[in-house]
Structures are given as C-alpha cells and as structure tokens.
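The values are calculated or read from the model by the stated rules, or taken from the named source; none is laboratory data. Since the model is a prediction, treat every value here as computed from it, not as a measurement. Cβ atoms come from the backbone with ideal geometry, glycine included; neighbour counts cover every protein chain shown.
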Amino acid sequence: MNEEPLIPKHGGYRRLKSFQVAQLCYDVTVRFCDKYIEKRSRTHDQMVQAARSGVQNIAEGSEASATSKKMELKLTQVARASLEELKLDYEDYLRHRSLTLWAENDPRRKALVARRCTTADEVAAWVKEVGGQQDVQQKGRNGPDGQNGPTLRGKPPGPPKGLTYAEPSANAVHVLIGVACSLLDRQVAALAAAFEKEGGFTERLYRTRQQRRNRP
C-alpha cells in the first residue's frame, strides 16, 4: 500500500489556465496604461499593481499548497479580488471618457475569446482589426471630410480622435479579466471542496504518523 506523501506535489502554476490568462491580462494592462494613462498618475500604478497581484497570488498560492491548503485557497481568492478591482478600473476608464462598455452579448466578446490569444501582441493585433473596422464606420457617419458633423439617422459620433483604439483595447482586457475571474471561481470552488474533503497539512501529518505507527 502506497503511503500518502507528507509534502504532496505542488507548484506547477505555470500550467494553470487561470495563471496564463491572468498573466496575459497583466502584460496587456502594462501596455494599455503606458499608452492611455499618465505614467505618473496613481491610477496607472494601481491598475498595474492590481494586474500584477492577480498573477503573483496565483503563483504564491500554488507554491504554498505544499504545507497549507488554507493559504492556497486564501491567496487564490486574493488574486480573484485583485482582478475584480482591475475590471472595475477598466469600466471607470470607459465611463469617464464616454466610451462604450460592450454588452455581455456583444459578438466582439465571443470573437475575442474564440481567438484564444496567448500574447499581448496577439491581443493588440485583434484590437487593431476591431479598431480599424470602427474607424471605417465612424468616417462613414461623419461625412466625406471625416470630421464630426451632423450624424446619419441620429447615430452619435464615435470616440474622440486619438481614442479609436482605446475603446476596443479597454474592452478586450475587460473580456480577458472576465475569463480569468471565471477560471479562478472554478479553481476556488475546487480547492474549497478538496480542503473540506481531505483537510490540510495538519490532517495529512496526522494520517502520515498513523500510517507509520500501523506498520508491521
């Protein structure tokens, strides 16, 4: 009969889908903040740090799982909370600039998820495609000179000049954060169920001692 190891396999966070998506959110957030938010502003630092916290806490929780399932669960939840904070920051960015937050059923959301981007460059390429389409549509609404003027059929003018790509960029990260949060919700639920069923390090230590005492 194989004995339960006192220190189980742990780490391996780089293989977690939640870590991979959270890291992508961090990479894209750094680019977004450097381009669209004043670098010396508090908001710039807060958004970057919230994105970083999402990544770092997943990794730290995975490593802590060797001796504390409770700590793993706690840190994973901290990562989830950090990403929720970041999600709200993107919503604030869009609202304060009168830009549109895509609805949950917006086809662009599904299109981005289906693209399965793994790098910031791939997300940027997708944003450029969407932004280019919006730019063409906007020029058609503004008239032949491309300037904001009377709108056709009552349609409002599009994003201010210079923010054409800001809207799809912010929405793209918002979508990716949603994916990461969904993955973390499932991860937290699985960790909680395992902790309830198997206990943590203390319970494992007790079982290990019992197994050794019962050896013939």
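Among the residues examined, residue 107 qualifies as over 20 Å from residue 27 (Cβ atoms), at pLDDT 95 or above and out of contact with any helix residue (DSSP H, G or I) (no Cβ under 9 Å at 6 or more places or on another chain). Highlighted here are the helices (runs of 4 or more DSSP H) found entirely within the range 1-118 that include at least 1 residues which are touching an Asp or Glu at 6+ places or on another chain (Cβ under 9 Å) and surrounded by 18 or more Cβ atoms within 10 Å (Cβ to Cβ): 17-36, 42-64, 69-96.
If you check 76, 43, 67 for being among the hydroxyl-bearing types (Ser, Thr, Tyr) and modelled with pLDDT under 95, only one passes: 67.
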